[in-house]
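Each remark here refers to the structure printed beneath this line.
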Amino acid sequence: MFLRTALLVLKKDFAIEVKTLEILVTTLFFAVSCVLVFSFAFVKEGQAPPDAAAGILWIAIAFSGTLALGRTFERERYAETLRALLLAPAPRPALYVGKLLGILVLLALDALILVPLIALLFTAPLFARPLLLLLLLAGGTVGFAAVGTLFAAMLIRSRTRDVLLPILLYPITVPVIICGVRGTAALLESPPDETTAVMWLGILFALDVVFLTLALWTFEPLMTE
Amino acid sequence: MKKSFVPLAVVTALLFVIAPILIARAPYESEMLLIQKIFYFHVPSWVAMYCGLLVCAVGSIWYLFKGNRVADRYAESAAELVLLFGLNGLVSGPLWARKAWGVWWQWDAKLTSALLLWLIFVAYLLVRKYGGPGSEKLAAAVGIFGAAVSPFVYVSVNIWRTIHPKTSVVPDIVKNPAKGFAAPLLVSMLAFVLLFVLLLMVRVYLAAHQDALDELYLAHED
Amino acid sequence: MSFDGAQDGSPDFDSVRLVDASRHFGRRRALTKVSLTARAGDIVGLLGPNGAGKSTLIGLLSTIVAPTSGEVRFGNQLSRELGAALRQRIGLLAHELYVYPELSARQNLTFFAQLYGLNADAVVTPALERAGLGDRGDDDVAGFSRGMRQRLALERALLHHPRLVLFDEPFTGLDDSAVRVVSDRLRRLAGDGSIVVVATHDLDLADGLVTRVAVIREGRLIADEQASTGLRARYRSAIGGA
């Protein structure tokens, strides 16, 4: 029942998104703009500092992720369909998981474009340890989206949701960003510093567990008005 | 207000009178000289801030799951005190840093992680202020996540940036009371924690009266 | 239509009761000490001006809004004792319609049917026919008129044959013939043993449809009685006199 509900919500979000691709296209465009804007800040004489690629990658993911979160829940707010979901006899945390999976798919597609783009623009050896990079990206996006989905869902009732989402999301997800950036930066060294990357990965997964547990635990009481 | 308030206030006042005397008599630290005395103000501020963080988190959990209004008052009041004591620490920290490292802000691990946690609780208060009806619940979530993320903030910032030259200064001082730093520090800490408790009591008292006033407004309309 | 959902073991009830239920938002009072009972077969008309607290009351009955004080009882049990399965028994048509404009009518109904654990193949096509959308089922809801959306939303709310049927302004945007169809539908639901609660500000439509009238104003229940003709005059006296 739990998994079936989560997958139903995911399938529904997918059906909406494939019709227009609106969130995917706008999010990607925004992510690429972020990369360019930050390039102008960091690149000097055709060279960026060695760690810049890692920072820009994660900032682009975090910023475009916020955009995707806002838009995804705007769709549930427009005709108050989030309430209709909450009225269904399904376990409510399953709705959270369904929405979370949708955001994760979007962020994964986001990263799929961003990583090669940044590797190309900054001649960064991002693919030196593909598995570790993949795990860092997975751990980072799960942590970011776990908090983001919960907060975007609860802010749906608030008039000031557009402002409050980034205000709440960024301070709380700073450890996720630090782990992601430093882990990725460790991989960019030559030779890649695997020990450091694995250490950051460990902290990241511990964070994911804490965030997911808390979110599943608080979703139901947070959603009752 | 509770009966314990007045004796507690007297004890706190006494401690705040004794502390400066002890601090003045404490030996000068060999490298930092006078500026080291900020320490007796700086560290207790953080201790009080973390007390606030803890009270806010427990109050938030209590409110979210039990719907207890009193718990919400404690959470809100504690968050405001996090703001106050955190500001204390954030102002006194750079004063020290200027003298110790020659710059106001050095992205030192302890100071940076404290700043991040402080920001989370500023966000908590922003939600309460601008979130509209029902924002107490949203704020409770921020309080819970803020407390849960605090060890991670500390660990990650610490690994990212460890240049705090005094990483072990607190345990050192407590372990070696002979140096004469421990007594004034402990008295200052106790004074700040008691001050925190007193302010919390006053603020909760005020919140309870605000609620009572709201009730009266509602009753008046009947 | 009959109650074929009983075998799934979700809690059933034949009355729903508010006992001194209040809901405050800070200093704003949405509902104050409302006590109201609705039984199977009733069509309760919830009347009152805009902002009177009708939607909050519907929210309390749908379990989506929790009371600040007082209780909501389904049969003899409190909503929090019954849990998620209780929602299998509640259908809500709210003002905001609860359908995805980006999806087609069929996709909307299929999604919600599956969410309620129903056999979508069996229930969706008949529901589209009843909504008069048999030939528009695969068009996006975004292109529908308010009336078409309203009819679709109505079918969505009733897909799972709820025991408690809650309608918030169900006649908005409907033409006369559609209003008659919806009214007949409500009577049939009540006749089959549903508890129907209709919030509306339209007295003419409520007159002759509802079996009981509850008037609320500024969050308070100011009248609760058996319906009879001449609703308009009595509503005026209840509202105007206060």
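Derivation of every value follows stated rules applied to the coordinates shown; laboratory data play no part. Please read all numbers here as calculations on a predicted model, not as lab measurements. Reconstructed Cβ throughout: ideal geometry from the backbone, glycine too, with neighbour counts over all protein chains shown.
For the residues A:P93, A:P50, A:P125, a GNM of chain A with alpha-carbon springs under 10 Å puts the largest fluctuation on A:P50. What you get for chain B, charging only the Cβ of Lys and Arg (+1) and of Asp and Glu (-1), is a dipole of about 740 debye around the Cα centre. With N counted as the residues of chain C, its alpha-carbon radius of gyration over 2.2 N^0.38 Å works out to 0.99. Positive-end ranking of A:T26, A:F2, A:P49 along the dipole of the range A:1-85, with charges on Cβ about the Cα centre, is headed by A:F2. Each of C:F25, A:F219 was scored by other Cβ atoms within 10 Å of its Cβ. Arranged with the fewest first, they read C:F25, A:F219.
Around B:G59, under 9 Å between beta carbons, what's the net of Lys plus Arg minus Asp minus Glu among the other residues? Taking every other residue near B:G59 into account, the sum is -1.
Label-to-label distance, B:A24 versus A:F2, with points set 7 angstrom from Cα along the beta-carbon direction: 6.4 nm.
Going from the fewest other Cβ atoms within 10 Å to the most, the residues A:M223, A:M199, B:M49, A:M1 appear in the order A:M1, A:M199, A:M223, B:M49.
Among A:A108, A:A52, A:A41, the residue with the largest mean-square fluctuation in a Gaussian network model of chain A, with springs joining Cα atoms closer than 10 Å, is A:A41.
The charge dipole of the range A:18-118, taken about its Cα centre with unit charges on the Cβ of Lys, Arg, Asp and Glu (plus for the first two, minus for the last two), comes to roughly 360 debye. Amide H contacts of C:L92 (H built 1.01 Å from N, in plane; Pro and chain starts excluded): C:L166 sit under 5 Å, all sequence-distant by 5 or more or on other chains. Listed by chain and number, the aspartates and glutamates whose C-alpha is less than 18 Å from the C-alpha of B:K37, apart from same-chain residues fewer than 8 away, are B:E29, B:D172.
Taking θ as phi - 60°, what are the ³J(HN,Hα) couplings along the range B:10-15 by the Karplus curve (6.51, -1.76, 1.60), each to the nearest whole Hz, with x for Gly and Pro? Using θ = phi - 60°, the values come out as 5, 4, 4, 4, 4, 4 Hz. Taken over the C-alpha atoms, the range B:37-184 has Rg and Dmax values of 16.9, 56 angstrom. For chain C, modelled as a GNM whose springs connect Cα atoms under 10 angstrom apart, the maximal fluctuation among C:S145, C:S55, C:S104 occurs at C:S145. If you wrap the Cα atoms of the protein assembly as shown in a convex hull and average its projected area over all directions, you get 35.4 nm². Shown in residue order for the range B:65-82 are the 3J(HN,Hα) couplings computed by the Karplus curve 6.51 cos²θ - 1.76 cosθ + 1.60 at θ = phi - 60°: 9, 10, x, 7, 4, 4, 4, 5, 4, 4, 4, 5, 4, 5, 5, 5, 6, 4 Hz (x for Gly and Pro). Spin-label model, C:E129 to A:V105: label points 7 Å out along the Cα-to-beta-carbon direction sit 3.3 nm apart.
Taking amide H atoms as placed 1.01 Å from N in the peptide plane, the amide H of C:A199 lies under 5 Å from those of C:L46, C:F167, C:D168, C:E169, each 5 or more residues away in sequence or on another chain.
Residue-wise HN-Hα couplings along the range B:55-61, as the Karplus relation 6.51 cos²θ - 1.76 cosθ + 1.60 with θ = phi - 60° gives them from phi, are 4, 4, 5, 5, x, 5, 4 Hz; Gly and Pro carry x.
Projecting the Cα atoms of B:P44, B:V157, B:F65 onto the charge dipole of the range B:37-184, computed from C-beta unit charges around the Cα centre, puts B:P44 farthest toward the positive end.
Tally Lys and Arg at +1 and Asp and Glu at -1 over the other residues with C-beta under 15 Å from the C-beta of A:T173: what net charge comes out? Charge balance in the 15 Å sphere: 0. For B:W107, B:W101, A:W200, the sequence from fewest to most other C-beta atoms within 10 Å is B:W107, B:W101, A:W200.
Under the convention that each Lys and Arg Cβ holds +1 and each Asp and Glu Cβ holds -1, the size of the dipole of the protein assembly as shown around its Cα centre is about 1540 debye. For the range A:2-224, the alpha carbon convex hull comes to 115 Å³ per residue, rounded to a whole number.
Pairs over the 20 Å Cα-Cα cut-off, from the set A:K11/A:K99; A:K99/B:K66; B:K66/B:K137; A:K12/C:K54; B:K137/C:K33; B:K3/B:K66: A:K99/B:K66; A:K12/C:K54; B:K137/C:K33; B:K3/B:K66. Distance between the 7 Å Cα→Cβ label points at A:T196 and A:T213: 3.0 nm.
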